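This structure is in structure tokens; I'll ask about it shortly.
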Amino acid sequence: MRPPTRTPHGPARDALLVAASLLDVWIHDVGTHHPGELAAALLAACALLTRRRLPLAAFLLTLPTALFTDAVFATLVALYTLASRTHHRVPLAVCALAFAVCDLTWWSWPSPEFTDLDDRQGLIPLSYSVAQATAPLFLGQLVQARRELSLRLVEVSEAKEHERLLLAQGVLAKERAQLAREMHDAVSHQVSLIAVRAGALQVGSRDPDVKEAAATIRLLSVQTLDELRHMVGILRASGSRPTELTPQPSLADLERLVTGSGIETDLRTDLPADLPPPVQRAVYRTVQEALTNIRKHAPGATATVRVRQRDGTLRATVTNTAPSRPALSLPGAHHGLIGLRQRAELLGGTVTSRHLRDGGYELRLELPVDGPQ
């Protein structure tokens, strides 16, 4: 037997069927002359309450009313339930035959003698009983087949979706592997050459400013190479096993960031050490982007970084003076400020920027310290 299937409207449906069975008993006027018939009919009606948990037992309890009365609604419902919940065809056929025999016996009750098959008129009760037995049988099997077909369709859909995800992951893994090769073969090689040339310039030059600039270039190149190697490792391992992500920056890394920027910067911070990590990362990325833009667009400028918290609001301001020499034309994605604004909006804050009257530039980040994380 299949395990009972519980539906949200199951109890209400059972109660409605019991009421319909009792109405069937009343319509056929069962029990007027034989109280035993009424007892059998009431037992059949009550047995419908157990048809979901014990379909076979419920059917057996409804058989007496089919044998002694013509109120067979409860028996038909029990037979339908049994047919919709069992895969064993032989016991199901036996139950249907039992119902047909009981129903056919009632036609000749109280002399339970089967109709003479040579009499065509006698075939009417036989055909009627067989039809009554096969109708709920076939209907229950049809409902069972439909239910199982729906389950199979769901399983097929889930299997196809899983296959699609696996295919997408395979394509993504191939693309990441190709990207890792390109980064390793092209980008890493070029950055390595930059680091080597900067080191040679640092050693061979006698100009202190040139030596300092070369040292900064070499330091940044080495850091870039380390990050590239880590990214290549993540891309190559993607899809095979979880990888350890690069440690995310915090406010403690601001001083190292400013020192390695190669820009004369005045850094002043007045913040507690227990700020949420997303807020610390937002401050770090804002200062990092501002210093990068200063190097690209305001060579020779000095910078001022102020980070403080007042009245539940964190403010990070990066300003720079006017450039002292022409800016070089460098490639850029022009997505830095957009990314900063999106990060700030996720934290409930804002990022603003403006040109200063003296030719400088200001970038300001404002975040609610207790805002959404």
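The values are calculated or read from the model by the stated rules, or taken from the named source; none is laboratory data. Every value quoted in this text rests on a predicted model; they were computed, and no experiment measured them. Virtual Cβ from ideal backbone geometry, glycine too; neighbours counted across all protein chains shown.
List pairs: first in segment 212-227 and at positive phi and among the hydrophobic types (A, V, I, L, M, F, W, C), second surrounded by 16 or more Cβ atoms within 10 Å (Cβ to Cβ) and modelled with pLDDT under 85, Cβ under 9 Å, 6+ apart or cross-chain?
Nothing qualifies.
Moving to a separate point now. Would you check which residues across segment 119-142 are modelled with pLDDT of 85 or more and farther than 13 Å from Leu79 by Cα and list them?
Residue satisfying the conditions is Leu142 alone.
For residues that are of a type in the set (S, T, N, Q) and surrounded by fewer than 23 Cβ atoms within 10 Å (Cβ to Cβ), scanning just segment 21-79, find the one that is modelled with the highest pLDDT. Steps first, please.
First, pick out the residues of segment 21-79 that are of a type in the set (S, T, N, Q): 21, 32, 50, 62, 65, 69, 75.
With surrounded by fewer than 23 Cβ atoms within 10 Å (Cβ to Cβ) added as a condition, the list becomes 32, 50.
Values: Thr32: 66, Thr50: 86.
Top of the filtered list is Thr50.
Residues Ser250, Ser261, Ser238: which one is closer than 23 Å to Thr321 by Cβ, of a type in the set (Gly, Ala, Ser) and either at pLDDT 80 or above or surrounded by 13 or more Cβ atoms within 10 Å (Cβ to Cβ) (or both)? Let's see the steps before the verdict.
Working: Ser250 fails: closer than 23 Å to Thr321 by Cβ; Ser238 fails: closer than 23 Å to Thr321 by Cβ.
Going through Ser250, Ser261, Ser238 in turn, just one is closer than 23 Å to Thr321 by Cβ, of a type in the set (Gly, Ala, Ser) and either at pLDDT 80 or above or surrounded by 13 or more Cβ atoms within 10 Å (Cβ to Cβ) (or both): Ser261.
Let me ask something else about it. How many residues are farther than 24 Å from Ala303 by Cα and either of a type outside the set (A, V, I, L, M, F, W, C) or outside any loop (DSSP other than H, G, I, E, B) (or both) if we restrict to segment 263-277?
Within segment 263-277, residues that are farther than 24 Å from Ala303 by Cα and either of a type outside the set (A, V, I, L, M, F, W, C) or outside any loop (DSSP other than H, G, I, E, B) (or both) number 3.
Exactly one condition in (1) of a type in the set (Lys, Arg); (2) modelled with pLDDT of 80 or more; (3) in a helix (DSSP H, G or I) is not met by Arg181; state its number.
(2)
Could you tell me whether any residue of segment 213-222 is closer than 30 Å to Val171 by Cα and at pLDDT below 85?
Filtering segment 213-222 for residues closer than 30 Å to Val171 by Cα gives none.
Checked segment 213-222: no residue is closer than 30 Å to Val171 by Cα and at pLDDT below 85.
Quick grid of which residues meet (1) modelled with pLDDT of 85 or more; (2) surrounded by 13 or more Cβ atoms within 10 Å (Cβ to Cβ); (3) in contact with a Pro (Cβ under 8 Å, 6 or more places away or on another chain):
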position	(1), (2), (3)
Val287	yes, yes, no
Thr302	yes, yes, no
Arg315	yes, yes, no
Thr321	yes, yes, no
Ala327	no, yes, yes
Arg343	no, yes, no
Ser353	yes, yes, no
Tyr361	yes, yes, no
